[in-house]
Amino acid sequence: MGTGLVQGASGPARQKVCIIGASGKLGQYLVQHALDRGYEVVGVCRPASVSKLDAFEGRITLFPGATDDGGVIERAVDGCDGVLTVLVPRGVHDYASGTAQAVLDHARPGARLLFSCGWHITLDGRDVYSWKIKALVKLAGPLARLVRFADLDNQVDACRRVFASDTRWIVVRGSDLEEGDSQGLPVWSRHVGDPILKSNLTRRIDFALFLIAAIGNDELVHEAPAIVGRQTPSALAHAAITPAP
Ligand SMILES: NC(=O)c1ccc[n+]([C@@H]2O[C@H](COP(=O)([O-])OP(=O)(O)OC[C@H]3O[C@@H](n4cnc5c(N)ncnc54)[C@H](OP(=O)(O)O)[C@@H]3O)[C@@H](O)[C@H]2O)c1
């Protein structure tokens, strides 16, 4: 699944990907990368956000709706080879777990399922967190829930469901993000706390690049790579031992 083209009996057929949260900042970068790679692109976003995707009119198919609505997701992921779920569900109505569950329930068997999240998610409990990340989860998490802005526990629950599923999932864990021109594919490691990740910064455009590249990387299936920009000091210091994404 390296590019959006596969050879069929009557010539190359386009592979199809669905981007859930297409109207977000990360989502819009993903739409562009997916089109650049020749994929047929389907997007899901809230109805009020459709206009954020005006620049792609005529080049993608949109399914406006709630991302945790099984009916919307079932129609959107129909026939998709890859499904990329890249939103930050605000609010405290179990949007994150509802969205993840809808994708797990309706994506076709064998499809590559990509999910983005932050470093606070852990696959095997062997991540080593800085005091800053611990404080963020301990203090900002309950505060965000109190003011009904976001529910970090529900994001954890969403990822638990993904990890426990028998799908071909990859959970990509992003560092702090910044805007700017691409620096190329980020580097990654299995555990937060590994020296290569120390710089804790990735360009958002490159987070999207990693996600789209991961669709074609069998070695990442059932991994939760934590990423960092390839031009950051910690990545450069460990360049010689960097695994290719
Ligand atoms: N921001 C960071 O520093 C950071 C760091 C590490 C990892 N990440 C990960 O990166 C991904 C994207 O982050 P981002 O900062 O670039 O965010 P973003 O994509 O710019 O924006 C958030 C997205 O979530 C959607 N959304 C919010 N509440 C929703 C709801 N209740 N139902 C449906 N959709 C909802 C928004 O939709 P609308 O367009 O409709 O508003 C928007 O598409 C996330 O997985 C996040 O965990 C972010």
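The values are calculated or read from the model by the stated rules, or taken from the named source; none is laboratory data. Owing to the predicted nature of the structure, the values given are computational and were not obtained by experimental measurement. Neighbour counts are summed over all protein chains in view; Cβ atoms, including those assigned to glycine, are modelled from backbone coordinates with ideal geometry.
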For the list (1) touching a strand residue (DSSP E or B) at 6+ places or on another chain (Cβ under 7 Å); (2) within 9 Å of the ligand (Cβ to nearest atom), I need the number of the one condition that residue 64 fails. (2)
Look at segment 83-129 and say how many of its residues are at pLDDT 90 or above and in a loop (DSSP other than H, G, I, E, B). 17
The one condition in (1) in a helix (DSSP H, G or I); (2) under 25 Å from residue 169 (Cβ atoms); (3) modelled with pLDDT under 95 that residue 244 fails to fulfil: (1)
Any idea which of (1) under 25 Å from residue 215 (Cα atoms); (2) among the basic types (Lys, Arg); (3) not in a loop (DSSP other than H, G, I, E, B) is the one residue 134 doesn't satisfy? (1)
Based on this model, can you work out whether residue 169 counts as touching a strand residue (DSSP E or B) at 6+ places or on another chain (Cβ under 9 Å), closer than 22 Å to residue 239 by Cβ, buried (at least 21 other Cβ atoms within 10 Å of the Cβ) and not aliphatic (A, V, I, L, M)? no
How many residues does segment 176-206 contain that are closer than 18 Å to residue 220 by Cα and under 15 Å from the mean Cα position of the chain (by Cα)? 4
Residues satisfying the stated conditions in segment 34-44, i.e. more than 14 Å from the ligand (Cβ to nearest atom) and in contact with a helix residue (DSSP H, G or I) (Cβ under 9 Å, 6 or more places away or on another chain): 34, 35, 36, 37, 39, 40, 41, 42
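Being touching a residue at least 24 places away in the same chain (Cβ under 8 Å) and either in contact with a Phe, Trp or Tyr (Cβ under 9 Å, 6 or more places away or on another chain) or assigned to a helix (DSSP H, G or I) (or both) is the filter here, so list the residues in segment 33-54 that pass it.
Answer for segment 33-54, where residues must be touching a residue at least 24 places away in the same chain (Cβ under 8 Å) and either in contact with a Phe, Trp or Tyr (Cβ under 9 Å, 6 or more places away or on another chain) or assigned to a helix (DSSP H, G or I) (or both): 33, 34, 35, 41, 42, 43, 44, 45, 49, 50, 52, 53.
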Can you name the residue in segment 72-122 that is within 16 Å of the ligand (Cβ to nearest atom) and among the charged types (D, E, K, R) and is also surrounded by the most Cβ atoms within 10 Å (Cβ to Cβ) among such residues? 94
From the list 164, 158, 214, 226, which residue is among the hydrophobic types (A, V, I, L, M, F, W, C) and away from the ligand (no atom under 16 Å from the Cβ)? 164
Kindly indicate whether residue 232 is crowded, with 16+ Cβ neighbours inside 10 Å, farther than 18 Å from residue 30 by Cα and either of a type outside the set (Ser, Thr, Tyr) or away from the ligand (no atom under 16 Å from the Cβ) (or both). no
